[in-house]
Amino acid sequence: MAILKIARMGHPVLLQKCEPVPDPGAPEIRRLVADMVETMEDAYGAGLAAPQVHVPLRLFVFRVAEARGNEDADDTPVGNTVVINPEIEFLSQERVLRWEGCLSIPGLRAAVPRAPRIRYRGVDCDGRPVAREVTGFHAGVVQHEYDHLDGILYPMRMRDFSLFGFTEELARAAAAQQEGR
Ligand code: NI
């Protein structure tokens, strides 16, 4: 296993439309997935898409940490999950703002409009189908990672750039606001 180098915003690989994975069970795909999980964990990330490690293929990994249960009542923790050749379906026209970061845009966070409820499907490395209907953080992270496969980074989804900032400053501002209450 290895920790992979993460492409940062500005690298052309992040703007590419990725190709389907021809053989999800191939040894090189398993190795890539294992390395992506290790890289995500090492960076304390919630998700990582293949183009972020310079591989323009349609697959991503993600997890929903235990702590997320406090943010979204809907969210139940999900261990490391791979979705290969995913499809996504928005289950409403509605969009809600969700705070996101991205390992390719380090140090920044923003409120991004996302569908509150989605259905997604794909396969894992054993070719077993993955199919879920989800809400909350889980729905948000899957939309974020799926976008990477189409060359879309979260700032390209934003409408209100006043809700974009450095993680550190946003945390300071939130703490100051709480103190003032
Ligand atoms: Ni990202």
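Here are the numbers for this structure:
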read-out: The chain, helix-only ellipticity at 222 nm - DSSP H runs n ≥ 4, -39,500 (n - 2.57), divided by all residues, nearest 500; value: -8000 deg cm²/dmol
read-out: Solvent-accessible area per residue, Å², over the chain with all protein chains present [probe radius 1.4 Å]; value: 54 Å²
read-out: Percent accessible area from carbon and sulfur atoms, the chain, protein chains only, probe 1.4 Å; value: 51 percent
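The values are calculated or read from the model by the stated rules, or taken from the named source; none is laboratory data. The shown structure was predicted, so the numbers you read here are calculated from the model rather than taken from an experiment. The area values use the complete protein model at the heavy-atom level, side chains included, leaving out ligands, DNA and RNA. Shrake-Rupley method; radii C 1.70, N 1.55, O 1.52, S 1.80 Å.
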